[in-house]
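The values are calculated or read from the model by the stated rules, or taken from the named source; none is laboratory data. Just so it is clear, the model here is predicted, and its values are computed rather than measured. For neighbour counting, all protein chains shown are included, and Cβ atoms are generated from backbone atoms with ideal geometry for every residue, glycine included. For the accessible areas, the whole protein counts, side chains as well, though only heavy atoms, and no ligand, DNA or RNA atoms are used. Shrake-Rupley method; radii C 1.70, N 1.55, O 1.52, S 1.80 Å.
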Amino acid sequence: MRARRQSERGRRRDVISGQSASNTIIALSPVDEGRTDKNDEAVSQPSPPPNERETQHQNVGNSENPPIRLSGMVRRFSSMVLGTTASPVDPLSVTVATLVDDIEVIEAERINSTRTNKSKLLIFAVLFLVPVTAFAVLGVLFFTSNNEVIVFEEMPSMSPSNAPTLDGRPTLVRVQERKKLLCGARKTRKLDLNKTDQQEGFLCDLCRAVAAIVIGGRGDNFEEVEIIDFKWAGQLISRKVDVVFAGVTHTLQREIREPMTGSGFSFSTPYFYDGLRFVGNRTFVICAEKKRRYAECELLSICVLQGTTHSDFISAIFPSNFYRIGFSFEEMIAMMFNDTCNVIGVEEFSIFDSELEKLIKSGEYVLGNKSLTKEPLSAVTRNEDREWSDIVTWAIRALIQGEMNGLMRNPQLCNNDTILESNSTRLNYDQSVYCVGNYGEIFNRRFGENKRSSMNTINKGSPMIYSTPLGNIFGTKNDFQVMEEVIDGGVLKRVKSRKGDVLRCGVVVSFDDVNITSVDYCHVLAAALFNGDFEAVEFLTFRENDDIAYESLSHGIIDALAGAVVNFEGDVDRGFSYSTPYYYRDKESSVDCYAFATRGDDTLFSSFLNAMVITTIHAQEIGATRKTSTRMPLTSLFGNKFLWAMRDAVSYGGSYDEIYINNFGLKSVRGRNEVNSQSGPQLLTRPGIPKLSQSL
């Protein structure tokens, strides 16, 4: 096995050295069918002309008794009124009359002349009125064909009305037009900074930071929209809010297919790293942490909020009779007071300055020592508006960068301009700091410095490889069917249907060991795409900072670019998506974060690629390796074709440590390039924020 891995390492070096970046010739071809660059106009394909309709008229009858022939207009009008057409009669069909005995014979009655005349009048009325009505209808159609509309008064309908048409313009345009940011927050607390509820004050400041960038006015041009915790997704889809700051955990499942709406969402850089904690009676808190249900723990009853990652976790480790579902934070507190529950499962963020914290300080309740889940709390936006999602993400990164570089709130530099910049790359991101404060200032002002956990501090070189939690990634049969339809397009389909089944992976040549790590991750991606075939990949290499690499990605010459450095220009200005970083490299005044880059207009493929990087980190966290890759979960997130994608990725690459050690060796100084065990600092910005960089 060691010899095999060494030979593979030599082959991966050949990918870099054998195909020199300087000798690589890239011919930019037209964009692949169905794909457009960020600034390209979509080309609509003309639909084929409809098939001509042929109408056959068949005379049915015999020579002795010819059928009555109505005019063509009458026949067409009759068809329109009746809604059906008569079936043609087979002229060759024969009806045989059979003589039957013992049938009662009824003598025909002579019809008087009056009845005969009435029949004639009826026939005349039909033959006369039908053509007249037809001509009347044709006349109406003729006189209204010249773009005129005749409005008929109707009785009010009792049936439900259609859903309102949503404004499809970019969110930035709509926010600046109304001069107000609609910011979603929890319904369980009022967003009043003059009250003692400082938890929502912190979220309000994050709303202010975004508003200060896109609207100006010192960040006060925002409106708090109440959101029930588990209904945030519906509020976003209906455009009742522009962004949600409501303690929502970023999971891979929610990024791709949120369960309550079936839609995917964009998540920002986390603004708070948290985890599930138990609060309540000391005995039962210990029972919950140890997952014990016998002896004194038989009476354990846990309150948990509906539709959260907490309820998913608790329902997976406890039978249903050991937990109770609450529909709001306040309801769960009430359930604790009336002894419906003796333990409540919440995040630390929810405890700050709440009734629970008062009870903990009084000694009536205890806070458990264990953080049982990963909860990266992030701002949420609709994933179809990539520009707006980028603005929100970089607003949070600006707050972090402000703290890293010593920039602080400064009312004199907080502009109150009325002229708004509609280009996201030219917005004043420094206003988030000058008008509201840097991340540390905001946190300490709302919570106090002593409540800031280590994980929510600036990383200065300690381990920070971090995986987004997966969520419930194995859904129902319907999930498979829906995702099969969603995947029927974009890069995933193009790669799978390409002749020869091969991934085209670009690699940015920077320095040797990172190059090989990037090559390894291309193989990991190929294994996930092609049922474990890690060799189903073609490589193109590019010089570092060579713009042709991104041009090749834009034009579909390559499917993904490994070894890309995450930065503001590529993300906001050029519209690329970046995966979770798999390598950090210290520079003089910044830290380079190496990741995959993909086209931003294909969110599903970007999420698939990101999921495979996360998979190697998750494997490290659960102890899965190449040899034990079947310990990795199956997933329905990408349809039936990719059910084994995570297992196939690990079967080649292994865990994050296996990939790193294979390329850098056991004795290398790892620094940030080690999995964060849910305790070390995790806050770090990305370079290139224009206004903020100039301020430095």
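Mind listing whichever residues of the range 287-297 are surrounded by fewer than 19 Cβ atoms within 10 Å (Cβ to Cβ) and touching a Phe, Trp or Tyr at 6+ places or on another chain (Cβ under 9 Å)?
Scanning the range 287-297 gives 289, 291, 293, 296, 297.
Considering only residues that are surrounded by fewer than 22 Cβ atoms within 10 Å (Cβ to Cβ) and among the small types (Gly, Ala, Ser), which ones fall in the range 436-470?
The answer is 440, 448, 453, 454, 461, 462.
Tell me which residues, restricted to the range 597-619, are closer than 17 Å to residue 393 by Cβ and part of a strand (DSSP E or B).
Within the range 597-619, 597, 598 meet the criteria.
In the range 250-272, which residues are modelled with pLDDT of 95 or more and of a type in the set (Ser, Thr, Tyr)?
251, 266, 268, 269, 271
Does residue 685 qualify as being open to solvent by 10 Å² or more (accessible area, probe 1.4 Å), modelled with pLDDT under 95, polar (S, T, N, Q) and within 27 Å of the chain's Cα centre (by Cα)?
yes
Looking at 519, 566 in this structure, which one is touching a Pro at 6+ places or on another chain (Cβ under 8 Å) and β-branched (Val, Ile, Thr)?
Of the residues listed, the single one that is touching a Pro at 6+ places or on another chain (Cβ under 8 Å) and β-branched (Val, Ile, Thr) is 566.
If you scan the range 285-315, which residues turn out to be touching a helix residue (DSSP H, G or I) at 6+ places or on another chain (Cβ under 7 Å) and hydrophobic (A, V, I, L, M, F, W, C)?
Answer for the range 285-315, where residues must be touching a helix residue (DSSP H, G or I) at 6+ places or on another chain (Cβ under 7 Å) and hydrophobic (A, V, I, L, M, F, W, C): 287, 297, 300, 302, 303, 304, 305.
Go through (1) in a loop (DSSP other than H, G, I, E, B); (2) open to solvent by less than 20 Å² (accessible area, probe 1.4 Å); (3) of a type in the set (Val, Ile, Thr) for residue 669 and report which single condition fails.
Residue 669 satisfies every listed condition except (2).
Residue by residue through the range 319-341, note down the ones that are surrounded by fewer than 21 Cβ atoms within 10 Å (Cβ to Cβ), outside any helix (DSSP H, G or I) and either in contact (Cβ under 8 Å) with a residue 12 or more places away in the chain or under 30 Å from the mean Cα position of the chain (by Cα) (or both).
319, 324, 325, 327, 328, 340
From the list 389, 362, 371, which residue is closer than 20 Å to residue 275 by Cα and hydroxyl-bearing (Ser, Thr, Tyr)?
Result: 371 is the single residue among 389, 362, 371 that is closer than 20 Å to residue 275 by Cα and hydroxyl-bearing (Ser, Thr, Tyr).
How many residues are farther than 21 Å from residue 657 by Cα and small (Gly, Ala, Ser) if we restrict to the range 511-545?
Count: 1.
Looking at 570, 556, 653, which is the one that is free of Cβ contacts under 8 Å to residues at least 40 places away in the same chain, open to solvent by less than 10 Å² (accessible area, probe 1.4 Å) and of a type outside the set (A, V, I, L, M)?
The match here is 570.
Only one of (1) open to solvent by less than 30 Å² (accessible area, probe 1.4 Å); (2) in contact (Cβ under 8 Å) with a residue 40 or more places away in the chain; (3) not small (Gly, Ala, Ser) is not met by residue 632, so which one is it?
Of (1) open to solvent by less than 30 Å² (accessible area, probe 1.4 Å); (2) in contact (Cβ under 8 Å) with a residue 40 or more places away in the chain; (3) not small (Gly, Ala, Ser), only one is false for residue 632: (2).
Residue check: is residue 578 crowded, with 19+ Cβ neighbours inside 10 Å, free of Cβ contacts under 8 Å to residues at least 24 places away in the same chain and in contact with a strand residue (DSSP E or B) (Cβ under 6 Å, 6 or more places away or on another chain)?
For residue 578, the condition - crowded, with 19+ Cβ neighbours inside 10 Å, free of Cβ contacts under 8 Å to residues at least 24 places away in the same chain and in contact with a strand residue (DSSP E or B) (Cβ under 6 Å, 6 or more places away or on another chain) - is met.
Let's see how each residue does on (1) in contact (Cβ under 8 Å) with a residue 60 or more places away in the chain; (2) open to solvent by less than 50 Å² (accessible area, probe 1.4 Å):
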position	(1), (2)
355	no, no
378	yes, yes
399	yes, yes
407	yes, yes
420	yes, no
426	yes, no
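Failed condition for residue 275, given (1) open to solvent by less than 20 Å² (accessible area, probe 1.4 Å); (2) closer than 18 Å to residue 614 by Cβ; (3) under 20 Å from the mean Cα position of the chain (by Cα), with all others met?
Among (1) open to solvent by less than 20 Å² (accessible area, probe 1.4 Å); (2) closer than 18 Å to residue 614 by Cβ; (3) under 20 Å from the mean Cα position of the chain (by Cα), the lone unmet condition for residue 275 is (3).
For a quick check of your reading of the model, give me the residue pairs whose first member lies in the range 524-536 and is within 10 Å of residue 650 (Cα to Cα), whose second is small (Gly, Ala, Ser), with beta-carbon atoms closer than 6 Å and at least 6 apart or on different chains.
The qualifying pairs are 524/649; 524/653; 527/649; 528/645; 528/649; 532/651.
Pull up the range 582-609, narrow it to residues that are open to solvent by 10 Å² or more (accessible area, probe 1.4 Å) and without any contact (Cβ under 8 Å) to a residue 60 or more places away in the chain, then point me to the one that is farthest from residue 255 (Cα to Cα).
If we take residues in the range 582-609 being open to solvent by 10 Å² or more (accessible area, probe 1.4 Å) and without any contact (Cβ under 8 Å) to a residue 60 or more places away in the chain, then 588 is farthest from residue 255 (Cα to Cα).
Given the criteria hydrophobic (A, V, I, L, M, F, W, C) and either farther than 25 Å from residue 170 by Cβ or not in a helix (DSSP H, G or I) (or both), does residue 225 qualify?
The answer is yes for residue 225.
This table checks each residue for (1) at pLDDT below 95; (2) in contact with a Leu (Cβ under 8 Å, 6 or more places away or on another chain); (3) in a helix (DSSP H, G or I).
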| site | (1), (2), (3) |
| --- | --- |
| 534 | no, no, no |
| 539 | no, no, no |
| 545 | yes, no, no |
| 552 | no, yes, yes |
| 556 | yes, no, no |
| 561 | no, yes, no |
| 572 | yes, no, yes |
| 581 | no, no, no |
| 585 | yes, no, no |
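Among the candidates 355, 330, 387, single out the residue that is among the charged types (D, E, K, R) and in contact with a Leu (Cβ under 7 Å, 6 or more places away or on another chain).
387
State whether one or more residues within the range 362-373 are closer than 25 Å to residue 251 by Cα, out of contact with any strand residue (DSSP E or B) (no Cβ under 7 Å at 6 or more places or on another chain) and either of a type in the set (Asp, Glu) or surrounded by fewer than 22 Cβ atoms within 10 Å (Cβ to Cβ) (or both).
yes
Would you be able to tell me the number of residues in the range 300-312 that are surrounded by fewer than 17 Cβ atoms within 10 Å (Cβ to Cβ) and within 21 Å of residue 369 (Cα to Cα)?
Result for the range 300-312: 0.
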